[in-house]
1. If you count, for each residue, the other Cβ atoms within 10 Å and average over each peptide, how do 26-37, 250-261 line up from highest to lowest?
2. Could you order the peptides 211-218, 315-322 from most to least packed, using the average number of other C-beta atoms within 10 Å per residue?
3. Answer rounded, prolate or oblate for the range 179-404, using the Cα gyration tensor with square roots of eigenvalues a ≥ b ≥ c: rounded when a/c is under 1.5, else prolate when a/b is larger than b/c, else oblate.
4. Kindly express, to the nearest 10 degrees and within the range 0 to 90, the angle between helix 103-115's C-alpha long axis and the longest C-alpha principal axis of the chain.
5. Once you've got the GNM for the chain with C-alpha springs shorter than 10 Å, pick whichever of V294, V336, V150 has the biggest mean-square fluctuation.
6. Loop only per DSSP, at most 12 neighbouring Cβ atoms within 10 Å: give me the chymotrypsin sites (Phe, Trp or Tyr not before Pro) in the range 223-266, ordered by residue number.
7. Going by average Cβ density within 10 Å per residue, which order do the peptides 153-165, 38-50 take, highest to lowest?
8. So what's the angle, to the nearest 10 degrees on a 0 to 90 scale, between helix 209-222 and the longest Cα principal axis of the chain?
Amino acid sequence: MTDLATAPFDFARRRRVLSERLDERGIDVLFLPADQADFEYYTGVPRRAPSFGSIAYTNHWISGAFLAPGEDPLFVLTRHFQEFDLPDGIDGEVVTAIETDDGRAVFQRAYDRFRARRVAVPSAPSGESCTHEAGASERIAVTGRTWAQVSIELRRHRPDADLVIADDVLAGIRAIKDEQEIALMRASASIVDTVLAEVAPRVVAGITEIELASEVDLRMRQHGSLGASFDTGVWGMGPALTRDASVRVSTDALAEGTGVSFDFGAITRGYCSDFGRTVHIGEPSAEYVTVHEVVMAAQEAARQAAVPGATGGQVHEAARRVIDEAGYGDGFRHRVGHCIGLDVHEEPFLSAEDTTPLQPGMLFTIEPSIFLPGRVGVRVEDVFLLTETGAVNINATDHELKAND
C-alpha cells in the first residue's frame, strides 16, 4: 500500500490539468516566480523557507519558469538560486543568469527560446493544436505577486501581447486537494494537536508569552515540521490587560485571570496547518465562560453552513450571526476563515464578500474569535475538509474550556 505522506507528487498530472485550463483561457505563456507556492506546485522545485527580511541576489527577479499548454517548463534561474536552493540540480531545461549577465537580455532570450518550441505552420491550426491559437494575438499570463520588473520586461519585449493575471486559474486548480494533499494536511494538523497538548500544561502564572511561543516553535520542529507556517502568536487578554490581539507575542509574564490565545501552524512537505485555542490561567470569570461558549457555538454554526455549493460569505455570516445575537459582535473583527494548503491563506476566503461556491476537496479554517481589550479574549481555529456531506474537522483537539490552576 502506497504511503501518501512520502510518495512522490505527480507533477506531470498537475501540469496536464494546468495546460487544459490555460488553453481554455487562451493563454499562450505563463510565467511563475520561483518564490511562490504555484511554482512549487506545478514544477516540483521547492521554495526556500520564508524570512522576515528580503533575501535577494543580482538578477533575482528573473528566477521562475515559463509554462505553456502541452509544453514542459523552461526554468530561468540565477546561479545563486541553483547553488544554494537546488544543490541536487533540477530536472528540466534551464537558462542560467550569472551575476555579470544583463538580466533583461537573459530573460528576453529565455522567453524567445521557449516560444520557439512551437513550430509555426502556414495553415490554420489543426484539432491537435491549442484551440485558441487560430487568429489570436499572443496572451501572456503572470501571477498577481509576480515581480513588477517581470511584467515590465514582458510588456517591453512583447508590446502587442495581451498581459493578464492568472491567479483565478491557478487558485481554482489548487483549491481542490487530492488524497495525497489531504494526507499531508492531516499530518500537519496532527503536529499542532500534539504540540498544544504538550505546551498547554505550561500555561501558568509567571511564564512569559515568548517562552510559550518559543516552545511551540521548537516542539513543532521536533515533531517533524519544516518550521512554523507563519509567525507563532501567543498572547494574553483579560480584565487586567488593555492590550489587543494585534500584539501577537511579548516578553510579559502572564498572570492569573488571563486567557492565553494560541495561533500557530506546522508544515509537512510544504503543506500548512493553522490552528488555535485559548487556555485560561486560574478560575475563569462568568463572562469568559459565556464568551468561550459563544465562540465554540459560532464555529459549529459555520461548520454546519459549510456544505457543497454554499459560499464563503454564507459560512462567515453563520458564525457572525451567533456572535452578534449573543451581544459580542464588536469583538469579532475578522473573517471566519480561509482555504489553506501550500499557502496558509488561499482562496476562496470564508469572508463576507466571497461568493465562490465551496466544493468537496477544499480545506479551510473556521476561526471565530471574540477579542475585547480589558475584558476577555477567546479564539478557536481548526482546519476542515469539505466532503460531499459537509465539513469534517481534521484536527483532534477537543473544544472543552481549558483552565490551569
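Rule-based calculations on the coordinates, nothing more; no lab input. In this text, all values refer to a predicted model and were calculated from it rather than measured experimentally. For neighbour counting, all protein chains shown are included, and Cβ atoms are generated from backbone atoms with ideal geometry for every residue, glycine included.
1. Packing order, densest peptide first, comes out as 26-37, 250-261.
2. 315-322, 211-218
3. Oblate, because a/c is 1.5 or more while a/b does not exceed b/c.
4. Approximately 70 degrees, to the nearest 10.
5. V150
6. Details: sites: F230, W235, F262, F264; in loops: F230.
In loop regions of the range 223-266 (DSSP not H, G, I, E or B), there are no sparsely surrounded chymotrypsin sites (Phe, Trp or Tyr not before Pro).
7. Order by mean packing, descending: 38-50, 153-165.
8. 50
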